[in-house]
Structures are given as structure tokens and as C-alpha cells.
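Structure first, commentary second.
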Amino acid sequence: MEIGKRNIHERKSLPMARFDTGLFFHAFDIGVVCRSKPNTVRPMLEQLFDLHEKGVLRPAFPLQVHGVSDLEKILRVMQRGDNMGKIVIEMRPEDKVKAVLERKPTTSLRKDATYMVAGGLGGLGRSMAAWLVDRGARHLILLARSGPRTQEARDFVESLTLRGVQVATPPCDISDSDALRSVLDNCSSTMPPIRGAIQATGLLRDAVFERMSYETWQAAAAPKTLGSWNMHSLLPTNLDFFIGISSVAGVAGGRGQANYAAANTYIDALMKYRVDQGLHGVALDLGIFLDIGFATQNVDLWARWEAQRPLTVTEPELFPLLDCCCSESIPTQVVFGINSFVQDPSIRHQFFRKAMLRTLALEDEKESDNSRGLGKQLAQDVDLGSVFAQAITLDDAANAVNEALLRKLSTMLALPREQLDPDTPLHTYGVDSLVAVELRNWFAKEVHAELAIFDILGGATTRTASTLAAVKSRLKKGSWEETKT
Ligand SMILES: NC(=O)c1ccc[n+]([C@@H]2O[C@H](COP(=O)([O-])OP(=O)(O)OC[C@H]3O[C@@H](n4cnc5c(N)ncnc54)[C@H](OP(=O)(O)O)[C@@H]3O)[C@@H](O)[C@H]2O)c1
């Protein structure tokens, strides 16, 4: 009977040999039972409470009670695995806990102005409309071709209205200039002047370019090309901001997305044009969102994009970007999401074959030329993926891992890098099982190698652990060349 979760969550496998004697393996999760069989669980719980009240069941012994300020210490004790009974953490008023300070937003919007979000009833659009309201906006125009047709959109509008926001949602296809002009005219009689706009319309109509019909091209392109131009032409010239939501598909390309990619580059160019005219304009070329927008409406798309996880952006990352977009000194085109994308070796290869993106790869290579040896390259925060791709011998790769590990340890243990010797056993630096778990996770994430805790604690040095990690690493696709002596 397995009541732990860890091996299950880590998708561990079970040797099958013992099962030929008719053994059963059963995983039990009280949470699952509570949800699936509430009528069975309820009387059981009542019985338990009853036994507890009668004093038949007593708290686990020994019971240690600590304040939340001792949390780190307690976790270290638990990590050693030699504690008995139960440990309870209490939230006491006098406890001190580390907290992330809530920063004051840098953007403050006018209450006597209207802000428009084209595509404002879609996934990203709703999120950005809520951001506008959080920053002080009280009058919004949210446009979609068919108005608030989904329940989500209607609920959203209602939630804003309850917050005292005037929200107009007239159906409007922004690629139709007459329709947009008429909406703007109508709104101007009941709402304050528009002082900011976000263009967040978008449609995906993916197809292989050779088989892409003109209609398919136009469906994806029109909202971003004609629609953006119409917004630019018809909105007032004194806008405090005009943000064009674009996509990394424009700069990096996307399979079957020639129409969508081209449409996004139009937004990039239009924002540059606006700035050249002395107007505000920023194109935000965003990576993939898995938590909001397109992907949440389409399971296949979600699965396809999930595979490109290194390219993803999350909703909370969007808001500081929007704050930056409203500041004076922002460039006209901001690409967000492609950096981490570049670090994945397999995707690096897929993308940097393209002439257009080759310069980015060349920048990396220049950096590595400037540094002497792969270890030094790491000192400049170069990812291990590219180090492995360039390393010829196992020793080269292991040295690079060793240098990265020493730097990681120096940060974790707050010791200068120079004081760490690669041939001194790790435990002499105070690397306990808690630190070892963190290092094991680091090896898995950065070196793509699964190490056991024993490989890190059992007398290992940074050098031996790094060599083992380099041997096990999945970053290396082929075999290593022999080291020349
Ligand atoms: N989701 C992502 O991962 C991602 C990543 C990078 C960039 N982006 C960009 O972010 C924007 C929003 O994407 P999303 O994921 O939020 O998509 P979404 O949920 O499908 O929202 C798009 C909205 O645009 C509206 N729209 C489409 N064509 C229109 C038109 N001609 N006139 C007026 N409204 C129109 C749609 O409503 P109707 O269908 O009712 O018109 C919908 O409300 C797009 O520009 C997209 O390129 C998204």
C-alpha cells in the first residue's frame, strides 16, 4: 500500500519481477477518496471525530510545536529523516517570516479618460483590461467582432461593472474601418476621450504555406494588419500609449503560421512608424501563454505549444511588461519569451539554422571566442546546453559542469568561489541532505542528469559529481571523443 506521493509524482517505475506471485500494488490518496466517494468518507470522519472526542484517539506522539519563523530549521531536521512523531508549525503573531514586498505599480491611469482594448474580450485582452482597471482606468471600450458572446466574457464585463467601471462592448470588426469609426463616434458621446489603446486581436488559421488559401491568409492577417492600421488612423493622436500585442512568431517564425507571423511583423513595423511620427507605439512580441488565451481554447494547440515550453510566458509576467510599455524610454519593439527558448539545445538547432536568427547564435559564439576555455565561458552565464553542443571530449564537458557547480555552491553556501576546492569532499563545506536535494535538482535541470543523493554526499567532490553528471547528461547527443594526452 503506497500512501506517499513523491514516487508517483516523479513518475518512477516499479520492477515487475515480484508480481508473478500475484502481488497487488495499491496507491491510496485520501484526497482522491474524499472527492470521489464523499458519502463513504463522511460517516468515517464522523466516527473519527467521535473517537477523538472520547479521548480514544490522541494526537501523535511526540508532538513538537514550533513557530513559523523556525520553518527552515524544521525542514532541515525533517530532511535528515531522523525525527519522530509529528511536527506542527504555528502561525504566531510574534513570528518573523520572509516576505516578498509588494511593489507600487509604476503606471497610474486617468480616471477621466477612456482606454480601448481591441480583442479585449479574449484571453489576453481580459487580462490586460483588468490590468488597466487595477491601474486606475474607469472607462473601457472592449472590442470583439461579436461582442461579449461567451459566458466568460459576460462574467468579466459584469465583474468590471461591479467595480464601478463603465464598460462598452459594441460588436466591431476592427478590420472594417467604417465599423470602427461608427463605434468610436458612438462611444465619444457617452464616454471621456480615449487616451490609451491596446491592440490584442488575433486569429490563428494555421496551414502549410503551399496549401494556404488567400482566405486563410487574410483571416489571420486582417485583424492585425487592416485592424491595426484602422486603429492607428482613427484613434486620437494624443494617446498616452498604443500597445500592439504581437508575437515571437513574427521574429522566430512558426510552422504553418506564415499568415500569423507576417501579420505580427506588420504590427512591429506599424509601431516603429508611429514612433517615427512622434506618436507613442510599442510592439510587444510575446511568447506562448499556456494559462490564458488561444491555447486554453484548443486542446491540440495546448499540447503542441506545451512541447515548446521553453518559449512560454505567464500571465503574471505580462503586467510588469505592460507597465514598462507605458513608460517613456521603452524601445518600439520588445521581444519577450525568446531568450529561454534559445537555451534549449534542440530548439536552438531548429531555429538557428535560419539565416534571420543566425546573428543571435553568432553573438553567443563571439562570447565563447572571447573567453578562454569552456569553464571560463560558464563564468559569463552561458548555458550548459550550448557548452555540451560545442564540447568535444567528456573532460571538456565535465570541467564546464564543475565550474558551474562551484559557482552554484558559492551562491548557496555564501562562500567566495575561490575558497571552494573541486577536490575537497562536499560534506566538508556543510553540504547536508537538504543542500544535496537542491543540488540533485540543479543537476537535473541544468545538466539534464539524474544523480542520487548518495552521488553528492557519499564523499563526492564537485569534480567527481560533475564528471558523473556529464557522463549521465542527456544534453550530449552522440559519443565523446577520447581526451588527447
Ligand atoms: N495566446 C498566446 O499564447 C499569445 C502569444 C503571443 C501573442 N498573442 C497575441 O495576443 C493577442 C490575443 O490573443 P489571445 O490568446 O487572447 O486570443 P483570444 O483569446 O482568441 O482573443 C482574441 C480576441 O480577438 C477578437 N478578435 C479577433 N478578430 C477580431 C477583429 N477583426 N475585430 C475585433 N476583434 C477581433 C476575438 O473575438 P471575436 O472572435 O468575437 O472577434 C477575441 O476576443 C493576439 O494578438 C495574439 O496574437 C497571444
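Here the Kirkwood formula puts the hydrodynamic radius of the chain at 27.4 Å, using every distinct Cα pair. Potential lengthening of the chain between Glu315 and Ser146 amounts to 58.4 nm, from the contour at 0.36 nm per residue minus the alpha-carbon distance. Ordered by the number of other Cβ atoms lying within 10 Å of each residue's own Cβ, fewest first, Ile141, Ile453 fall into the sequence Ile453, Ile141. Here the stretch 191-243 is treated as a Stokes sphere of Kirkwood radius computed over C-alpha pairs; at 25 °C and 0.890 mPa s its diffusion coefficient rounds to 192 µm²/s. Placing pseudo-labels 7 Å out from each Cα toward the beta carbon at Asn441 and Ser108 gives an inter-label distance of 3.9 nm. With both labels modelled 7 Å from their Cα along Cα-to-Cβ, the Arg417 to Met78 distance reads 3.5 nm. Which aspartates and glutamates, if any, have their Cα less than 13 Å from the Cα of Lys104, not counting same-chain residues under 8 positions apart? Answer for Lys104, where 13 Å is the Cα cut-off: Asp134, Asp323, listed by chain and number. Pairs from the table (Lys37/Lys73; Lys224/Lys445; Lys272/Lys477; Lys12/Lys96; Lys5/Lys408) lying more than 31 angstrom apart at Cα are Lys37/Lys73; Lys224/Lys445; Lys272/Lys477; Lys12/Lys96.
What is the calculated FRET efficiency for Val65 to Ala99, with r their C-beta to C-beta distance and R₀ = 22 Å, to the nearest 0.05?
0.45
Counting Lys and Arg as +1 and Asp and Glu as -1 over every other residue whose Cβ lies under 13 Å from the Cβ of Asn230, the net charge comes to -1. A helix-only calculation puts the chain at -14000 deg cm²/dmol for mean residue ellipticity at 222 nm, using -39500 (n - 2.57) for each DSSP H run of at least four residues, averaged over all residues. Charged side chains reduced to their Cβ positions (Lys and Arg at +1, Asp and Glu at -1) give the stretch 219-305 a dipole of some 180 debye around its Cα centre. DSSP assigns beta bridges within the chain; of those with both partners inside it, close to 0 percent run antiparallel. Each Lys and Arg adds +1 at its Cβ and each Asp and Glu adds -1 at its Cβ; summed about the Cα centre, the chain shows a dipole of about 540 debye. Given R0 = 41 Å, the distance between the Cβ atoms of Ala27 and Glu210 translates into a calculated FRET efficiency of 0.25. Exposed loop sites, defined as chymotrypsin sites (Phe, Trp or Tyr not before Pro) outside DSSP H, G, I, E and B with at most 11 other Cβ atoms within 10 Å, are absent from the longest region of the chain, namely 29-485. If R0 is taken as 45 Å, the Cβ-Cβ distance between Leu301 and Val56 corresponds to a FRET efficiency of 0.20.
Assuming charge only on the beta carbon of Lys and Arg (+1) and of Asp and Glu (-1), the dipole of the stretch 1-84 about its Cα centre is about 180 debye to the nearest 20. Here the stretch 256-295 and the stretch 186-222 have alpha carbon centers that stand 11 Å from each other. Spin-label model, Glu328/Tyr273: points 7 Å from Cα along the beta carbon direction are separated by 2.7 nm.
Only the coordinates and a few stated rules stand behind these numbers; no lab work does. This is a predicted model, so every value here is computed, not measured. All Cβ positions, even for glycine, are placed from backbone atoms using ideal geometry, and neighbour counts span all protein chains on display.
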